[in-house]
Amino acid sequence: MENSTQKAVILLKTDKDDQWSAYLQQVMPELEVRFWPDVGEATQINYALLWNPPEELFEKLTHLQVIFSIGAGIDGILKVKSRPAHIPLVRLSDKELTNGMVQYVIYAVLRIHRNMVNYDRLQNNREWGFYQQIAANDCRVGIMGLGQLGMACVQALKALGYNIIGFSRTKKNVDGVQCYDQSQLQEFLKRTEILVCLLPLTTQTKHILNKSTFNQLPRGASIINVGRGGHLNENDLLEALDNEHINHAVLDVFEIEPLPQDHAFWLHPKITLTPHIASQTVPASAVSHIVKGIKRHQSGQPLEFLYDPELGY
Ligand code: GLV
C-alpha cells in the first residue's frame, strides 16, 4: 500500500473542477490538486477524480493508485479502454446525491400519479377540470435497482403511502416491500403501474426497458428512467407511447447526451424530460467521501464503494 511519506496528488477531470479543487483544499490542505490536461510530472499523480475521462488520460497517468468517480454511475469510466483494470475504482456515495435522487423520483411519481401532465394541459387551455384522485396505496410503484439510491426512494415513497415493490439482480429482503429477483422480472412487471429504473448500466441491464418489458406492464403504466440512457430502447418506448400501452414517461437520461435537437422525445406530449439533472453531485457535500477514500488508502485500510468487475458495477 501507499507509503505514508509519499505526497498525495490528485488530478481532476470533472465538470466542476474549480469547486472540487476549492473544497478538496479546504478539507485536505496537504493534497496537491492538478487539472487535466495539465498533468505536470505525471508520475507524481496517485489519485484521479473523474467524469467521462478521455482515453489519453490513463495513458499518461502511469502511477495512479485509486480512481474516484464523481457520480454513482461509473459507466463513463468503464467504457474507457485504456483504464487500467487493476486500479481500484470507487463509486460516489453521498447524502446529497441520494437526497437529490429521492426528490426527483418523488416529483416524477407525483407528476404521473397526480395527473400533473393533464393539469398542465388544462392550464394551457384555461380550463377548469378534474381528474379522479387515486389513493397512493392504490398506486403501485415498482423500483428496479435496490442499491443505495433505489432503497432511499423505496423508503421515501413508502412514507408517502405508495404501494412499493422492488426488483434487483439478487433477491433483497425489505420490510413491507415485496421484492423480486432477476428470475422473476415478469411477475414484477405484471404488478407495476409506475416503473422506476435505478439500475446500474451493465451488459445485463442494457436495453432492459424494451418492447417486451413494456408489453408485460399493465396497459396504462408509466416509466421513469433515472438510470442511464442505455437502459432504454428509445424506439420501443415511442412505439409503446404511440400505441397507448404506456401512458407517460419521465426521462432524465438518454442514449445520446445532450439529446439531439431533432430527437422525437423533445416535443412528445407523453414525455416529460430533463437534461440529466435528476441528481447532480454537490462537491461541498461529496468532498468528504473523496477525502475519506484517500485517507483510507493512505493508511492501508480497505476502500469502500468499490467497483466489482464480477457484478459490472
Ligand atoms: C449521475 O448520473 C451519477 O452517476 O451519479
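Quick one: which of T213, T170, T205 is part of a loop (DSSP other than H, G, I, E, B) and under 23 Å from D236 (Cα atoms)?
Values: T213 fails: part of a loop (DSSP other than H, G, I, E, B); T170 fails: under 23 Å from D236 (Cα atoms).
Only one candidate passes the filter, namely T205.
So K206 ticks every box in (1) more than 22 Å from the chain's Cα centre (by Cα); (2) open to solvent by 40 Å² or more (accessible area, probe 1.4 Å) but one. Which box is left unticked?
Of (1) more than 22 Å from the chain's Cα centre (by Cα); (2) open to solvent by 40 Å² or more (accessible area, probe 1.4 Å), only one is false for K206: (1).
Among I112, I143, I164, which is the only one that is outside the structural domain of A286 (by TED's automatic domain parsing) and in contact with a Lys or Arg (Cβ under 6 Å, 6 or more places away or on another chain)? Break it down stepwise before answering.
Details: I112 fails: in contact with a Lys or Arg (Cβ under 6 Å, 6 or more places away or on another chain); I143 fails: in contact with a Lys or Arg (Cβ under 6 Å, 6 or more places away or on another chain).
Just a single option satisfies the conditions, and that option is I164.
Could you check how many residues of the range 136-151 are assigned to a helix (DSSP H, G or I) and at positive phi? Even if it seems obvious, please write down each step before you answer.
Within the range 136-151, the subset assigned to a helix (DSSP H, G or I) is 136-138, 148-151.
Those left that are additionally at positive phi: none.
Summing the residues that are assigned to a helix (DSSP H, G or I) and at positive phi in the range 136-151 gives 0.
From the list V253, V287, exactly one residue is outside the structural domain of Q148 (by TED's automatic domain parsing) and either open to solvent by less than 10 Å² (accessible area, probe 1.4 Å) or closer than 24 Å to I143 by Cα (or both). Which is it? Lay out the reasoning, then the answer.
Values: V253 fails: outside the structural domain of Q148 (by TED's automatic domain parsing).
Going through V253, V287 in turn, the sole match is V287.
Do we have I246 as open to solvent by less than 70 Å² (accessible area, probe 1.4 Å), within 16 Å of the ligand (Cβ to nearest atom) and either in contact with a Phe, Trp or Tyr (Cβ under 7 Å, 6 or more places away or on another chain) or closer than 23 Å to Y23 by Cα (or both) here? Don't jump to the end; show me each part of the working.
Values: open to solvent by less than 70 Å² (accessible area, probe 1.4 Å): yes; within 16 Å of the ligand (Cβ to nearest atom): no; either in contact with a Phe, Trp or Tyr (Cβ under 7 Å, 6 or more places away or on another chain) or closer than 23 Å to Y23 by Cα (or both): yes.
Answer is no for this residue.
Do you know which residues across the range 45-68 are within 16 Å of the ligand (Cβ to nearest atom) and closer than 20 Å to G300 by Cα? Working first, answer last.
Quick first cut of the range 45-68, residues within 16 Å of the ligand (Cβ to nearest atom) only: 49-53, 67-68.
L49, I67, F68 - these are the residues of the range 45-68 that are within 16 Å of the ligand (Cβ to nearest atom) and closer than 20 Å to G300 by Cα.
Give the residues of the range 290-307 that are within 16 Å of the ligand (Cβ to nearest atom) and open to solvent by less than 60 Å² (accessible area, probe 1.4 Å), sorted by residue number. Talk me through it step by step, then tell me what you get.
Initial filter on the range 290-307 (within 16 Å of the ligand (Cβ to nearest atom)): 290, 293, 305-307.
Selection gives I290, G293, Y307.
From the list D236, D262, which one is charged (D, E, K, R), open to solvent by 40 Å² or more (accessible area, probe 1.4 Å) and away from the ligand (no atom under 16 Å from the Cβ)? So that I can check it myself, show each step before the final result.
Working: D236 fails: open to solvent by 40 Å² or more (accessible area, probe 1.4 Å).
The unique qualifying residue is D262.
The conditions are (1) open to solvent by less than 10 Å² (accessible area, probe 1.4 Å); (2) assigned to a strand (DSSP E or B), and Q178 fails exactly one of them. Which is it?
Of the numbered conditions (1) open to solvent by less than 10 Å² (accessible area, probe 1.4 Å); (2) assigned to a strand (DSSP E or B), the odd one out for Q178 is (1).
I need the helices (runs of 4 or more DSSP H) fully contained in the range 1-120, keeping only those with at least 2 residues that are open to solvent by 60 Å² or more (accessible area, probe 1.4 Å). Show your work before the answer.
Details: elements: 17-27, 55-60, 75-78, 95-113.
Helices (runs of 4 or more DSSP H) meeting the threshold: 17-27, 55-60, 95-113.
Every residue, every condition in (1) of a type in the set (F, W, Y); (2) without any contact (Cβ under 8 Å) to a residue 60 or more places away in the chain; (3) in contact with a Ser or Thr (Cβ under 6 Å, 6 or more places away or on another chain), yes or no:
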| site | (1), (2), (3) |
| --- | --- |
| K16 | no, no, no |
| V27 | no, no, no |
| E30 | no, yes, no |
| V33 | no, yes, yes |
| I45 | no, yes, no |
| E55 | no, yes, yes |
| K79 | no, yes, no |
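Restricting to the range 92-107, count the residues that are of a type in the set (D, E, K, R) and more than 10 Å from the ligand (Cβ to nearest atom).
So in the range 92-107, the residues of a type in the set (D, E, K, R) come out as 94-96.
Imposing the further condition that a residue be more than 10 Å from the ligand (Cβ to nearest atom) reduces the set to 95-96.
Final tally of qualifying residues: 2.
Looking at the range 268-283, which of the residues that are within 16 Å of the ligand (Cβ to nearest atom) and surrounded by fewer than 17 Cβ atoms within 10 Å (Cβ to Cβ) is nearest to D15 (Cα to Cα)? Reasoning before the result, please.
First pass over the range 268-283, keeping only residues within 16 Å of the ligand (Cβ to nearest atom): 273-283.
The next check asks that each one be surrounded by fewer than 17 Cβ atoms within 10 Å (Cβ to Cβ); those that pass are 274-275, 277, 280.
Details: T274: 18, P275: 15, I277: 13, Q280: 11 Å.
Per the stated criteria, the residue is Q280.
Is the range 144-157 home to any residue that is within 16 Å of the ligand (Cβ to nearest atom), open to solvent by less than 70 Å² (accessible area, probe 1.4 Å), closer than 24 Å to W20 by Cα and touching a residue at least 12 places away in the same chain (Cβ under 8 Å)?
Scanning the range 144-157 turns up at least one residue that is within 16 Å of the ligand (Cβ to nearest atom), open to solvent by less than 70 Å² (accessible area, probe 1.4 Å), closer than 24 Å to W20 by Cα and touching a residue at least 12 places away in the same chain (Cβ under 8 Å).
The values are calculated or read from the model by the stated rules, or taken from the named source; none is laboratory data. Just so we're clear, the structure is a prediction, and the values are computed from it rather than from any experiment. Cβ sites come from the backbone with ideal geometry, for glycine too, and all protein chains shown count toward neighbours. Only protein heavy atoms, including side chains, enter the accessible area calculation; ligands, DNA and RNA are left aside. Shrake-Rupley method; radii C 1.70, N 1.55, O 1.52, S 1.80 Å.
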